[in-house]
1. Hey, any hits in segment 126-148 for a residue that's assigned to a loop (DSSP other than H, G, I, E, B), open to solvent by less than 60 Å² (accessible area, probe 1.4 Å) and in contact with an Asp or Glu (Cβ under 6 Å, 6 or more places away or on another chain)?
2. Kindly check whether there is at least one residue in segment 199-208 that is under 18 Å from L410 (Cβ atoms), open to solvent by less than 40 Å² (accessible area, probe 1.4 Å) and more than 33 Å from the chain's Cα centre (by Cα).
3. Can you give me the number of residues within segment 359-372 that are in contact with a helix residue (DSSP H, G or I) (Cβ under 9 Å, 6 or more places away or on another chain) and either of a type outside the set (G, A, S) or part of a strand (DSSP E or B) (or both)?
4. If you scan segment 48-95, which residues turn out to be in contact with a helix residue (DSSP H, G or I) (Cβ under 8 Å, 6 or more places away or on another chain), among the hydrophobic types (A, V, I, L, M, F, W, C) and part of a helix (DSSP H, G or I)?
5. Of the residues that make up segment 252-275, is at least one in a helix (DSSP H, G or I), in contact with an Asp or Glu (Cβ under 7 Å, 6 or more places away or on another chain), at pLDDT 90 or above and of a type in the set (A, V, I, L, M, F, W, C)?
6. When residues of segment 53-66 are filtered for being open to solvent by less than 30 Å² (accessible area, probe 1.4 Å) and under 52 Å from the mean Cα position of the chain (by Cα), how many remain?
7. Filter segment 287-335 down to residues that are basic (K, R) and in a strand (DSSP E or B) and give me whichever is surrounded by the fewest Cβ atoms within 10 Å (Cβ to Cβ).
8. Does at least one position in segment 336-356 carry a residue that is within 29 Å of D261 (Cα to Cα), assigned to a loop (DSSP other than H, G, I, E, B) and touching a helix residue (DSSP H, G or I) at 6+ places or on another chain (Cβ under 7 Å)?
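The values are calculated or read from the model by the stated rules, or taken from the named source; none is laboratory data. Predicted model only: the values in this text are computed from it and were never measured. When we count neighbours, we look across all protein chains shown, and the Cβ atoms used for this are built from the backbone with ideal geometry, even at glycine. Please note that ligands, DNA and RNA were not included when accessible areas were found on the heavy atoms of the full protein model with its side chains. Shrake-Rupley method; radii C 1.70, N 1.55, O 1.52, S 1.80 Å.
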Amino acid sequence: MSETADSAVRLGGRRDDDHAAKLLREAASEITQGLLVVDGDLTITFVNNPYRRFFGFAPDDPIVQPGQPLEAMLWTLAARGEYGPGQPGKHVEDRLRPVRDGSEYSTERLLSNGRYVEISGHPLSNGGYVFTFTDVTDRVEEKKRLDQLVRDRTEELHQVNSKLIDGIEYARLIQTGILPQKSFFDAQIGPNFLLFKPADIVGGDFYIGVKTDYGTYVGLGDCTGHGVPGAMMTMMAASVCRRAINETGVGGPAAVMMAIDRIVRINLHQTEAQVGPDNGLELTLCLLESDVGRVRVAGAGLDVFVQTKGRIDRVRGTKHGLGYGRQTSSATSIQETVFTEREAERIFLTSDGILDQSGGDKGYGYGRRRLTDALQQGANLSIEEQGAHLAADVETYSKGYVQRDDLAVLGFCLKQS
């Protein structure tokens, strides 16, 4: 190829390069992102119009023209207060550092004009550096709106939850008010212990103590549900138990349970043909007849455990509970077991919450065998110590598992140990 032809090719190539560069500059000027490009000497080589608008530079402002030092422009912005409070020199140095190091740079900033801009910096292969500036005001404002919405909703939920907790706490006070005080058991039945731990603030387990002219009734029940619904059931159930004892208590625990079954069915309008919720309770009941030196025990849906000569025995209750509309009444099949005070050293009433509590290596329920073993291990201790041993054993067994149901155990002596 001749020298003339070679020159023509080179000239054509330069024209093509110039044309491509011109197209790129025009395109860069039209995009919505701000664009700032510097060379390896930290000299401005290109600034587009969106960048000028971001920072309030006039198109002909000499400080942002190609060939100007980047550092000079940064000092101008720092002097305006564009970078916020602090030493201008430090602001300038912080922005020059990634360019000199050839490292990536990313930040988000509120400009003096009230707009939010996302700034990204990337090193170029020829030693230069390019900054992009993206207006993210809409995104930031939307995030602020959503954050405020979350805060408002959180506050609303907090207020609702606070009212709910206050209501539940008040329900706890009411439920506690209907339960016998420990002083009653201390005075009427002697040494005793009570483990009473609802799964929630309130629960469906309850216990009763009623002194009559012919003896003292002591019982423990487990109503349908737990939490607030269970607590509402316990209030009704405790009232029904006291009424049944007052009306039929002279006939013994079995007669009282028959009355409870009938009253609950009537109060809750439950029949065998009922559909929908079916509510009732399981109950263990003892009548301490101190004048004749004996105790009569019975259970409906729950068992009673009796300590005799240091041995723990299980007295089975009937299979079904009381008051349930979709089961044939089992109250007529309730059997009483009678012990003399010499035979029954201690009596333990329990709901099924302790039996069903998950624990151990495989998450099995605590169960009757573990309950019997724990009571047996404490048989030679005082009954208060026996109760503490049982509580510790359940705590150890269930460690790492949530409490699934209300837990209640009442143990008492029939004679002074």
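1. Yes, the conditions are met somewhere in segment 126-148.
2. no
3. 6
4. F55, I63, V64, L70, A72, M73, L74, W75, L77, A78, A79, V92, listed by residue number.
5. Within segment 252-275, one or more residues are in a helix (DSSP H, G or I), in contact with an Asp or Glu (Cβ under 7 Å, 6 or more places away or on another chain), at pLDDT 90 or above and of a type in the set (A, V, I, L, M, F, W, C).
6. Residues that pass the stated criteria total 2.
7. Step by step, filter segment 287-335, then rank; the result is R311.
8. yes
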